[in-house]
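Have a look at the structure below before the remarks.
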Amino acid sequence: MINQVVDQRYEVLEKVGESELFTVYRAKDKSANRMVAIKLINPDLAQEEGFAREMMQGIKNAATLSHSNLATTYELKPYENTGYTVTEYVRGINLKERIRRIAPFGLSAAVDFAISITEALNYVHSTGVAHGDLRPQNIIISPEGVVKLTDLGTQPAIALSSQAQAAILRYSAPYHAPELSMAQKGNPAGDLYAIGCIFYEMLTGTPVYSGDSLEAVADQHAFSPIPSVRVINPGVPKAVEGILIKCLQKKPSERYRSASELLTDLQAVRDALRFGKSLSWSPIDPAKSGALPVRPTQEVNLTMTSEQLAPPEAVEEDNPTPSPETKRAKPERISVFLRASLVFVSGVILVAIIVIGGIFLSQWTVPKAVTVPSLVGKSIEEVREITKKLDVRLQEHAEYSDMHPKSRVFKVDKDIGSEMRQKQTINVWYSRGSTYVDVPKLTALTRDEAEKKLREAGLVLGAITEEHDDKIPTGKVLRQADKHRVLHDTPIDIVLSTGPKEVPPPPTPTEGGESANKPPTEGGNVAGGADGNSEVNEFSRTIRIGQDGLGKRQVRIDYEDFLGLHTAIDEEHDEGDPVQVSFSYVGKKIKLRILYNDRLAKEITIDPKKQQGRIG
C-alpha cells in the first residue's frame, strides 16, 4: 500500500503501526492538503460474517461525534476484500508506552490526563454511546500533551468475533470491568471502571491487578480487594485514592453514576492542586455522599425531675461529710451587666470576622468572571497579551499544519462569548508552520551559517563529514544531502571542504632509479599506478540491516578509499532490510562504516575483489 494513491486522493507515505484490528498508515490527503491516518481493517477479521459490516457501522456512528479529545474520523471506504477508515493523524505515542517510559506520573500530570479522558467520555456518553474498549493503547498523547481517544465504535464488532476477542484480550483484560464479558457490548459503567484502572496505572506504573494468566487477572477484578494506591505511591492524597476506589467498585451501582460526576471530583482535585487547598476529603466518605456521620450520644430522658434539673452544686454528694476542699469559699459570681457586655463584645468580634472573611473569600476563592473574546485567527503573541490582560492562564499547543498560517491560532477550547473565571485555564492551538518545508541551499556557507539557515526553515543540522576540494575554501559547505522538500525537523547532512589536497613533492631519483620519497604501502608496494592504488574499481553489494529491535532508523553508509571519505547512501530502512549499495572507488581496499541515526554500528576494512558476498 505504501507509495500508492488510494481512491485518487490519499498518497500513502509510510506504515506507522499495526494492531490486532488495523494496520495503520500515514498518508497525505491531496484534496484537503492535510496529513491523515488510514486504518485498514485486518483482512482475516474482515472475512468473518458481520464483522466488517458492524465495524464500519460502529465507526460510521462514531464519525458523527466531534470533541477536542477524540480523534476525528473523516471517511469510511471499502478496499479490496476489507475496508479502511480515514482519521485525523495524531502525532505522539500511546499512553501505554508513555506509562512504560516515565511512570509513575506526577500527580498534576496524571490528573490532567484523567480529566481530558473523562471530558471526552462525558461527551460520548451524553450521545448514548460507550467506548467499550478503553485502554491506554487506545489513547494517544501528542508531544504537546494533547489527549486523543481512538478506536471509538470498534467494540460492537469485537463483541461479534471470537477471533477479535482472543486477539485483544491480553491487552484489554487489565482494564475490563468484572461484570462485563468480551462478547458484551460496552457501557458507561465499564468505561468508568477502565478510567480508574488507567488512572491507577499512571500513578503507580503497574496495573491494578496482574497474574500468571488472563483468567487469574479476571478473577482478581471480580473478587480481590481494591489495592491501595498510597501503598505504592505515598504521595497520592486521600481525595485521589477515594476517586480511584469509587471508580473500581465491583458493583456498577457503587461506582460514579456518570462521567460528569467523576469529572466534577477530578476538577476539584485539579483546582486544589493549583490553589493549595486541602485534599483530605474523599468521595467515599459518608459526608461527601450526603449521609453525615452519626456521633454516639447518651440517651436523653425527657421526664427529668426537678432534682435532676438542679445545678451540679445543688446535688447532694454521696459522702455526707464535707472535705476541706468543699469547705472552701465559692468565688463571687460575675455580675449580669459584665456578662452581658462580654457577650455583646464577643458577638461584635464574631460578626466582624465573618464579614471580613466573607469579603476575603469572595475575592480569593471566587475570581472575577470574564468573557472569552475571539482568539482564532490572531497571532499567538496577540493571544498572550489578551489573556494576560484578562488574567486567565494560557495553555499553548503548537502543531505543524498545512492549512493554517504560521504562529496563527486555529483552535480554542472555549466558545466566543462564553464565561470563565480569572485564573482558570484556556487552551489554544496554533500553527508552527507547514508540515513539509523546502530545504534551503547551503553550498559555500560556513557550518554556523548553514545551521542557522536550517533552523530558520524548521530543519536541523544532520551529520557533518569532510572532503578535500580544490574550489570550495576550507570550512565551507561543499555539498548537502540531495533532499528538496521534507518534513519539519528533518536532519540535513552536509559535507564541509577541507581545501585542496596536499600534493606530495616530486620524487627524488636515487642511484638505483627509485624515488627516495615514494611512500611504502602494505606488503612492500608503493603508491602509484603499479600497485593498483590509483585504479578505479566498482563495488556492488547487499548490506543487511541488523535485527536489533531498533525498528526503522536512518541508515548512512560511508566508505573510505584511496582518495578519502565518501557517503554511499543516507536513507531510512527497517531492521532486517536488504540494502543494495553500489559505488566506484579508487584503490585496492576500502573501509566501510555503517551508521544508524548517526551512530556508528559497524566498521570493516575489506578488499572487495577478494571478499565477495553479502555484508551484514
Would you tally the residues in segment 263-279 being polar (S, T, N, Q) and either touching a residue at least 60 places away in the same chain (Cβ under 8 Å) or more than 15 Å from Gly242 (Cβ to Cβ) (or both)? 1
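How many of the residues making up segment 94-120 are of a type outside the set (Gly, Ala, Ser) and in contact with a His (Cβ under 6 Å, 6 or more places away or on another chain)?
Taking segment 94-120 first, the residues of a type outside the set (Gly, Ala, Ser) are 94-102, 104-105, 107, 111-113, 115, 117-119.
Checking the rest, the ones that are also in contact with a His (Cβ under 6 Å, 6 or more places away or on another chain) come to none.
Of the residues in that region, 0 qualify.
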Residue count, segment 26-74, condition at pLDDT below 85 and either assigned to a strand (DSSP E or B) or open to solvent by less than 30 Å² (accessible area, probe 1.4 Å) (or both), comes to 5
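Only strands (runs of 3 or more DSSP E) wholly contained in segment 367-447 count here; list those with 3 or more residues that are surrounded by 14 or more Cβ atoms within 10 Å (Cβ to Cβ) and not small (Gly, Ala, Ser). Give the steps one after another, and end with the answer.
Working: elements: 369-371, 393-399, 409-412, 419-421, 425-431, 436-438.
Ranges flagged: 393-399, 409-412, 425-431.
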Does any residue in segment 546-561 that is farther than 19 Å from Ser582 by Cα come within less than 6 Å, Cβ to Cβ, of a residue that is among the hydroxyl-bearing types (Ser, Thr, Tyr) six or more places away or on a different chain, and which pairs are these? Arg553/Tyr596
Among residues belonging to segment 91-112 that are of a type outside the set (D, E, K, R), surrounded by 18 or more Cβ atoms within 10 Å (Cβ to Cβ) and touching a strand residue (DSSP E or B) at 6+ places or on another chain (Cβ under 6 Å), point out the one that is farthest from Pro174 (Cα to Cα). Asn94
Qualifying positions in segment 568-607 - open to solvent by 60 Å² or more (accessible area, probe 1.4 Å) and among the acidic types (Asp, Glu): Glu571, Glu572, Asp598, Glu603
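Kindly indicate the residue of segment 127-150 that is polar (S, T, N, Q) and in a loop (DSSP other than H, G, I, E, B) and also most open to solvent (accessible area, probe 1.4 Å) among those meeting that condition. I'd like the intermediate steps shown before the answer.
Of segment 127-150, the ones polar (S, T, N, Q) are 127, 137-138, 142, 150.
After this cut, where a residue has to be in a loop (DSSP other than H, G, I, E, B) as well, the list is 127, 142, 150.
Working: Thr127: 63, Ser142: 9, Thr150: 19 Å².
Top of the filtered list is Thr127.
Residues His468, His488: which one is surrounded by fewer than 19 Cβ atoms within 10 Å (Cβ to Cβ) and under 22 Å from Leu13 (Cα atoms)? So that I can check it myself, show each step before the final result.
Values: His468 fails: under 22 Å from Leu13 (Cα atoms).
Sole residue among the options that is surrounded by fewer than 19 Cβ atoms within 10 Å (Cβ to Cβ) and under 22 Å from Leu13 (Cα atoms): His488.
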Would you confirm whether or not segment 102-111 contains a residue that is in contact (Cβ under 8 Å) with a residue 24 or more places away in the chain, hydroxyl-bearing (Ser, Thr, Tyr) and in a loop (DSSP other than H, G, I, E, B)? no
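Would you point out the residue of segment 546-567, among those that are open to solvent by 30 Å² or more (accessible area, probe 1.4 Å) and closer than 12 Å to Tyr585 by Cα, that is modelled with the highest pLDDT? Quick ask: steps written out before the conclusion?
From segment 546-567, those open to solvent by 30 Å² or more (accessible area, probe 1.4 Å) are 547-550, 552, 554, 560, 562-563, 565-567; that's our starting set.
Now narrow it down to the ones that are closer than 12 Å to Tyr585 by Cα: 560, 562-563, 565-567.
Working: Glu560: 87, Phe562: 81, Leu563: 79, Leu565: 82, His566: 84, Thr567: 84.
Result: Glu560.
The values are calculated or read from the model by the stated rules, or taken from the named source; none is laboratory data. What you are looking at is a predicted structure, and each value in this text was computed from that prediction instead of being measured. Neighbour counts run over all protein chains shown; Cβ positions are idealised from the backbone, glycine included. Only protein heavy atoms, including side chains, enter the accessible area calculation; ligands, DNA and RNA are left aside. Shrake-Rupley method; radii C 1.70, N 1.55, O 1.52, S 1.80 Å.
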